[in-house]
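Read the structure below first, then the notes.
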Amino acid sequence: MAEAVYIIGTYSTPFRRWPDKGFKQLTREAYLGAVRDAGLGDPQVIEAAWFGNCVMHYWGQPLVRGNVSFIPLVREGLFRDRAPVVNVEGACATGSLALSGAYKEIRAGDAEVTIAVGVEKLYDEANPAAILPEFGKGADQLDPQEWLEHYKQIGERLGQPFDPSPDRSVAMDTYSMQARLHMKLYGTTREQIAAACAKSHTYGSLNPLAQYRFAMTPQQVLADRMVSDPLTRAMCAPVGDGAAAAVLCSERFLASQLPEVRERAVKIRALTLSGGKYRGEREPGLSRAAADRAYELAGLAPADVDVAEVHDATSFCEIYQTEMMRFCPEGEGGPFVASGATAVDGAVAVNTSGGLVSKGHPIGATGLSMCHELVTQLRGEAGERQVRDARIGLQQNGGGIIGLEEAVSAVAIYERA
């Protein structure tokens, strides 16, 4: 029988531009923060680390990234000597893939305690624009003409040429095409995207960890500088740095802990992955497949979810992912979000952290920062943005580009213990 798995500690650094903080420093902060939150007097009980990162090669470390980042922790006796550090990469879904590895190791009975850590530095003070080409590497680099031609054809049908620019991330251009297609197929409007964005910025203003801590109105969102039509700057996740981590344990280990640790534990009811493909324009995305499997494994339905963090690298994505998570029917995400259904007091609170557009999106750390927000909500520790009586949380995190969708998507369902 598979082991039940619990999260007993999480931590996220504030997401900012941290030119003075290196990978080892950010790793230390996230690791020790999660260990403290878990109430672990001796971090030597941690048997393995799963380390997520995407662009450390840009900074000169192309291989064994986590192993190098953990050197000081091992040397100081803060991480077990000879314990493995497993490196994970899945573009923007990297943090969730690290979490999945740590989860499956315990579920298989191979460990009692593991940790997942995600770390990223995207801001280069000396040359801020130099990092932008790295984001496009989440698409096929062996046969790039295939996906470029795919988007070119979509642009021709929509009357908006697909015209990537070196002045912005190509991901914003692909999301722009996806948004325009959704608008054509279902009548989604700019105003509905702006409503999702304004809500997220309002929550971000209440989150001390958020990169952008200011509220916005839909009108201000629409008036902001255009990045890739219909997406304005406010609708797009910013460039920044940060780290996040989660400590996981078995039910047996949890039973041995102090009452205050057991009372704050959050159970992982399900954690599923799905893979991308060149899908049809009206075909559900890969996150739908991951969500349906997660609901099945958890024995839950979309209506059971109280609070969700979904991957809004642009605010259009919140509209789309509310459909894929079955919070509303396909094509109705725009009216659903604009109605206030995803507000704290709505049908299902979505992106109470501020989402990626406000909280920030240091890609290797993003999935674990989502985990941190949901654990905080389920513990009832979210302060002004707290969802009342939150019991079930859902996390959706996607990464990479294959056609009209991501290369990989993760969906996790959590329950307050």
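The values are calculated or read from the model by the stated rules, or taken from the named source; none is laboratory data. This is a predicted model, so every value here is computed, not measured. Using ideal geometry, Cβ is built from the backbone for each residue, glycine included, and neighbour counts are taken over all protein chains shown. The protein model used for the area step is the full one, side chains on, heavy atoms only, and it has no ligands, DNA or RNA in it. Shrake-Rupley method; radii C 1.70, N 1.55, O 1.52, S 1.80 Å.
Scan region 1-41 for residues that are at pLDDT below 95 and surrounded by fewer than 17 Cβ atoms within 10 Å (Cβ to Cβ) and the total you get is 3. Output yes when any residue across region 98-109 is open to solvent by 40 Å² or more (accessible area, probe 1.4 Å) and at pLDDT below 95, and no when none is. Looking for residues that are open to solvent by 40 Å² or more (accessible area, probe 1.4 Å) and at pLDDT below 95, one finds none in region 98-109, hence no.
Within the option set P208, P238, being farther than 21 Å from Y278 by Cβ, open to solvent by less than 50 Å² (accessible area, probe 1.4 Å), assigned to a loop (DSSP other than H, G, I, E, B) and in contact (Cβ under 8 Å) with a residue 40 or more places away in the chain holds for one residue only, P238.
In this structure, H361 qualifies as under 24 Å from A139 (Cα atoms) and either surrounded by fewer than 24 Cβ atoms within 10 Å (Cβ to Cβ) or within 13 Å of the chain's Cα centre (by Cα) (or both). Do we have L254 as modelled with pLDDT of 95 or more, part of a strand (DSSP E or B) and open to solvent by 10 Å² or more (accessible area, probe 1.4 Å) here? Against the criterion (modelled with pLDDT of 95 or more, part of a strand (DSSP E or B) and open to solvent by 10 Å² or more (accessible area, probe 1.4 Å)), L254 does not qualify. Among the residues here, I402 does not qualify as closer than 22 Å to P284 by Cβ, in contact (Cβ under 8 Å) with a residue 24 or more places away in the chain and crowded, with 24+ Cβ neighbours inside 10 Å.
Results for (1) of a type in the set (S, T, Y); (2) open to solvent by 10 Å² or more (accessible area, probe 1.4 Å); (3) in contact with a His (Cβ under 7 Å, 6 or more places away or on another chain); (4) without any contact (Cβ under 8 Å) to a residue 12 or more places away in the chain, shown as yes or no for each residue.
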site	(1), (2), (3), (4)
V113	no, no, no, no
V119	no, no, no, no
A126	no, yes, no, yes
F135	no, yes, no, no
L142	no, yes, no, yes
E146	no, yes, no, yes
Y151	yes, no, no, no
G159	no, yes, no, yes
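Contact annotation: residue pairs with Cβ atoms under 8 Å, 6 or more positions apart or on different chains, pairing a residue in region 281-292 that is touching a residue at least 60 places away in the same chain (Cβ under 8 Å) and within 13 Å of I402 (Cβ to Cβ) with a partner that is assigned to a helix (DSSP H, G or I) and open to solvent by 10 Å² or more (accessible area, probe 1.4 Å), are G285/Y320. For S409, the criteria (1) over 15 Å from A291 (Cα atoms); (2) within 15 Å of the chain's Cα centre (by Cα) hold in every case but one, which is (1).
Where helices (runs of 4 or more DSSP H) fall wholly inside region 86-183, the ranges with 2 or more residues that are of a type in the set (V, I, T) are 94-107. Pairs linking a residue in region 361-389 that is within 27 Å of E120 (Cα to Cα) and in contact (Cβ under 8 Å) with a residue 12 or more places away in the chain to a residue that is open to solvent by 20 Å² or more (accessible area, probe 1.4 Å) and charged (D, E, K, R), with Cβ atoms under 6 Å and 6 or more positions apart or on different chains, are L378/R416; R379/R264. Taking (1) of a type outside the set (D, E); (2) surrounded by fewer than 19 Cβ atoms within 10 Å (Cβ to Cβ); (3) outside any strand (DSSP E or B) in turn, A291 satisfies each apart from (2).
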